[in-house]
Amino acid sequence: MAAPWRDVVRDAAAVREAAAVAVDAALLAGVLMRTGEQPHASDVVNYAPFTLLPSAVPRALFEQAYAVQQDFNLLVDAISQNKEFLEQTLASTIKVDDFTAQLFRIYMQVLEEGLAQTVFLGINRSDYMFDCGLDGTAALRQIEINTIAASFGGLTSRTADVHRLVLKVLGKTEEASHLLPNNPAKGLALGIAKAWELYGSQRAVVMFLVEEIQRNIFDQRCVENELWNRNIRVIRKRFRDVFEQGSLDAGRRLYVDGQEVAVVYYREGYVPQNYDQQNWEARLLLERSRAVKCPDIATQLAGTKKVQQELSRPGTLEKLLPSRPEAVARIRATFAGLYSLDEGEEGDRMAATAIADPDRFVLKPQREGGGNNLYGEELRQVLEKIKDSPERTSYILMDKIKPQPALNYLLRAHSPLQVSECISELGIFGVYVRQGQELVLNQAAGHLLRTKAIEHADGGVAAGVAVLDTPYLV
């Protein structure tokens, strides 16, 4: 892959000047996070970490990722409506993974009671890396699809302007003009607004369900402000507020603190630590309601790693999207090798293969939020320990993707300015809205590029490992 900034990276004086401009530009543009020391205070903030220079991304792979996003939206929606597929696929996982099992129990309970929800909103983000083959050609390989709380659509909407200015300061005005416009915050808000409209009550609100600690509040505010600009009221509540103030009326309309809720937009609820007994009860109340959940619990289950692995089996995509062979081909072209660790001959073989050659694989639990995957020696130790136990079925194996590193500077508050060898991950946001059986909206809503130093195997921006970036298409 071309390295467009080779001349700049080695010019220490130019880098120092550009970095000072970049930090001020990020603060001016609102590329902000609350600090770890004062995570509840917006009067003490700093810039969110980002790269000094935009990273090179192969144009053909970028366009491929955009072209397949509507197909992934259709696929996630199809899975969420297929009880038999979810039951069969997750049968082994729910025996050993308490978190997935609890989500699944709520899913079954809501189905048995009968869905009150008639409008469905999906906001997902499909994440990819560029796998460098032995011949040097790069291929697009999907890492995962996030179907709940896919973040940084707001801050990344503001990052390209910062990089545009940096390139101009470095005398690269022509290159600056080639950076693409990107506004996922607007695209995500469009989906939420459509769902709110179809819910059909002007006085109802959109509820952002948020975490107790909200360092990434400005990312959410970008989307929130887009809704206020459309005169849609937004409230922010935690699970405990729903438990204490939430209720359903006879028509299963949801009220929180006396306000009718049209759309529940989850920015929380994706890891076991988000739940205690009260929070599980609050989640059940939300799922039983008529409100549009983004995601509803079926869509959250559709994003599990076990489902991702099952999709790679021959014939599975064809069953889920029977009338869409072109979509199936586009989706399958992005898959990396994915392998089951279920009990039986296939799982035994894959466990043994990974123990013998751990650097070929990534071991993935059924978790979102970054920082959960296992690599190398750690992967081997864990598999050695659980290889003869049913616990191994709570993981899947995936081929390790090998991207081509490039030099860049990762700007973090209170960190020295130093060049790093980096790799990037591209996410494409997708939004869809379905009313009954009719898909009324299906589109790609923008992109997110995150970059990290090669010494970090796993982890995103929120986990403090990756930083925000902008693609420079080559």
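Summarised in one figure, the compactness ratio Rg/Rh of the range 337-400, Cα atoms and Kirkwood Rh, is 0.92. Report the FRET efficiency, 1/(1 + (r/R0)^6), for Glu244 and Gln81, where r is their Cβ-Cβ distance and R0 is 35 Å, rounded to 0.05. Once rounded, the FRET efficiency stands at 0.60. Accessible surface area normalised per residue over the range 337-400 is 46 Å², counting heavy atoms of protein chains with a 1.4 Å rolling probe.
This model, with +1 at the C-beta of Lys and Arg and -1 at the C-beta of Asp and Glu, gives the chain a dipole about its Cα centre of some 960 debye.
The residue list Asn372, Ser394, Val382 was ranked by how far each Cα lies along the charge dipole of the range 337-400 toward its positive end, using unit charges on Cβ atoms, and Asn372 comes out on top.
In terms of accessible area, using a 1.4 Å probe and ignoring ligands and nucleic acids, Ile94, Ile213, Ile423, Ile396 rank largest first as Ile213, Ile94, Ile423, Ile396. Between the range 134-174 and the range 1-45, the C-alpha centres lie 14 angstrom from each other.
On full extension, the segment bounded by Arg6 and Gln278 gains 92.5 nm, given 0.36 nm per residue less the C-alpha separation.
Computing FRET efficiency as 1/(1 + (r/R0)^6) for Thr35 and Ile454, where r is the C-beta to C-beta distance and R0 is 22 Å, gives about 0.25.
For the chain, hydrophobic long helices are taken as DSSP H runs at least 15 Å long by C-alpha position along their axis with mean Kyte-Doolittle hydropathy of 0.5 or more; these are 12-29. Placing unit charges on each Cβ (+1 for Lys and Arg, -1 for Asp and Glu) gives the range 206-315 a dipole about its Cα centre, and among Ala250, Gly315, Trp280 the Cα reaching farthest toward its positive end belongs to Gly315. Taking a point 7 Å from the Cα of Lys95 along the Cα-to-Cβ direction, the residues of the range 384-401 with backbone N closer than 14 Å to it are 388-395. Residues whose amide H comes within less than 5 Å of that of Asp11, counting only those at least five positions distant or on another chain, are absent (H built at 1.01 Å from N in the peptide plane).
Mean sequence separation of contacting Cα pairs (under 8 Å, at least six apart), scaled by the length of the chain, corresponds to a relative contact order of 26 percent. With the charge dipole of the chain set up from +1 on Lys and Arg Cβ and -1 on Asp and Glu Cβ about the Cα centre, the Cα lying farthest toward the positive end among the listed residues Ile94, Gln117, Ala78 is that of Gln117.
Note that the range 241-315 presents 32 Å² accessible area per residue, ligands and nucleic acids not counted, probe 1.4 Å.
This structure gives Rg and Dmax of the Cα atoms in Å, computed directly, and of [x] 24.3, 91; [y] 29.1, 94; [z] 22.1, 68 that value is listed as [z]. Only helical runs count toward this figure. For the chain, summing -39,500 (n - 2.57) over DSSP H runs of n ≥ 4 and dividing by all residues gives -11500 deg cm²/dmol at 222 nm.
Can you pull the percent of the chain's accessible area that's carbon plus sulfur, 1.4 Å probe, other chains left in place? Accessible surface attributable to carbon and sulfur in the chain totals 47 percent. For the pair Ala116 and Asp257, the difference between a 0.36 nm per residue extended length and the Cα-Cα distance amounts to 48.7 nm. How much net charge surrounds Asn274 when only other residues with a Cβ under 13 Å from its Cβ are counted (Lys, Arg +1; Asp, Glu -1)? It works out to a net charge of 0. Accessible area per residue was computed with a 1.4 Å probe on protein heavy atoms; Met129 scores about 20 Å².
The values are calculated or read from the model by the stated rules, or taken from the named source; none is laboratory data. Please read these numbers as outputs of a predicted model, since none were measured by experiment. Reconstructed Cβ throughout: ideal geometry from the backbone, glycine too, with neighbour counts over all protein chains shown. Accessible surface is based on the protein model in full, side chains and every heavy atom, while ligands, DNA and RNA are left aside. Shrake-Rupley method; radii C 1.70, N 1.55, O 1.52, S 1.80 Å.
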